[in-house]
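The values are calculated or read from the model by the stated rules, or taken from the named source; none is laboratory data. Bear in mind that the values here come from a model prediction, so they are computed numbers and not experimental data. Using ideal geometry, Cβ is built from the backbone for each residue, glycine included, and neighbour counts are taken over all protein chains shown. Note: areas computed on protein heavy atoms with side chains; ligands, DNA, RNA excluded. Shrake-Rupley method; radii C 1.70, N 1.55, O 1.52, S 1.80 Å.
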Amino acid sequence: MPLVRGQARTRRFFDWLAPNYDIVNRVIFRPEWRAMVREAFLPGRVLDVGVGTGYTTADVPGAVGIDISREMVSRAKSYRGDLVLADAMAPPFRTASFSTIVCAGSFYYLPDPVKALLEFHRLLTPGGRIVLLGPEAWFLRPVVRILVRRDYEVLARRAGLDLERCESLRGVASLVVMRKGTSSGG
Ligand SMILES: C[S@@+](CC[C@H](N)C(=O)[O-])C[C@H]1O[C@@H](n2cnc3c(N)ncnc32)[C@H](O)[C@@H]1O
């Protein structure tokens, strides 16, 4: 069972980590992964879920970043888009507002992944993308939830999304892209 679980605990954990987050992140989050995540963005508005201090989308014009940790968001000083203190499980946005939703290091903290994906499905325009960067290293299993291809296949199916890509990044992390269908039912 992951050590960091539950919304309140997650928020407290990141509020505590926030002053040193960028130092830790510089070691963990490789620039080439960030580039791959960004290359998967579609033209249009981007929602960064669990934006943290803004590392992934700070310079993306018109991006919207949401996070439950006030301490993390308060450090996203150079963020060019809008920052919203909000829970990804109940995102306060209109239906079909975004072409891309990115979770860089945040999806595995969400308490109900299917419910989260159904919300993301609602927020996406037809044909829109969800881009997930998550941990894959086996030794992190006691600390955080590790999702593998089979998990993503099941999650995508249950949320009515197509799994476009699921790529292992040297067994350390994974890059996953899901897509909403273009028809009204998809
Ligand atoms: C590992 S950090 C990643 C931050 C940033 N995306 C990056 O790549 O540097 C995970 C972030 O997800 C946020 N988070 C966790 N659960 C959340 C939720 N339910 N709603 C919104 N943000 C959440 C945390 O507060 C934290 O800032």
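What do you get for trypsin sites (Lys or Arg not before Pro) in the stretch 1-108 restricted to DSSP loop and a cutoff of at most 15 other Cβ within 10 Å of the site's Cβ?
Values: sites: 5, 9, 11, 12, 26, 34, 38, 45, 70, 75, 77, 80, 94; in loops: 5, 45, 75, 77, 80, 94.
Counting only loop positions with at most 15 other Cβ atoms within 10 Å, the trypsin sites (Lys or Arg not before Pro) in the stretch 1-108 are 5, 77, 80, 94.
Determine ³J(HN,Hα), in whole Hz, for all residues of the stretch 56-64 in sequence, where each value follows from phi through the Karplus function 6.51 cos²θ - 1.76 cosθ + 1.60 and θ = phi - 60°; x replaces Gly and Pro.
So the Karplus estimates, Gly and Pro as x, are 7, 10, 3, 9, 8, x, x, 5, 10 Hz.
So how much accessible area does residue 140 have, in Å² to the nearest 10, using a 1.4 Å probe?
60 Å²
Largest first, how would 163, 85, 132 line up by accessible area (1.4 Å probe)?
Numbers: 163 50, 85 85, 132 0 Å².
Result of the area sort, largest leading: 85, 163, 132.
For residue 84, which sequence-distant residues (separation of 5 or more, or a different chain) have an amide H within less than 5 Å of its own amide H, given hydrogens modelled in the peptide plane?
Excluding prolines and chain starts, which carry no amide H, the hits are 65, 66, 67.
Please report the carbon-and-sulfur percent of the accessible area for the stretch 7-180; probe 1.4 Å, protein heavy atoms only, DNA, RNA and ligands left out.
54 percent
When all protein chains stay in place, what accessible area (Å², nearest 10, 1.4 Å probe) is found for residue 165?
80 Å²
Per residue of the stretch 42-53, what does 6.51 cos²θ - 1.76 cosθ + 1.60 with θ = phi - 60° give for ³J(HN,Hα)? Whole Hz please, x for Gly and Pro, Karplus curve as stated.
Result, ordered by residue: 8, x, x, 7, 10, 9, 9, 8, x, 5, x, 8 Hz.
Rolling a 1.4 angstrom probe over the protein heavy atoms, how many square angstrom per residue are accessible across the chain?
Details: 9360 Å² over 186 residues.
Ligands and nucleic acids excluded, the result is 50 Å² per residue.
Residue 127's amide H: which non-local residues (gap 5+, or another chain) put their own amide H closer than 5 Å, with H modeled 1.01 Å from N in plane and none for Pro or chain starts?
180, 181, 182
Heavy atoms only, probe 1.4 angstrom, no DNA, RNA or ligands counted: give me 108, 152, 55 ranked by accessible area, highest first.
Result of the area sort, largest leading: 55, 108, 152.
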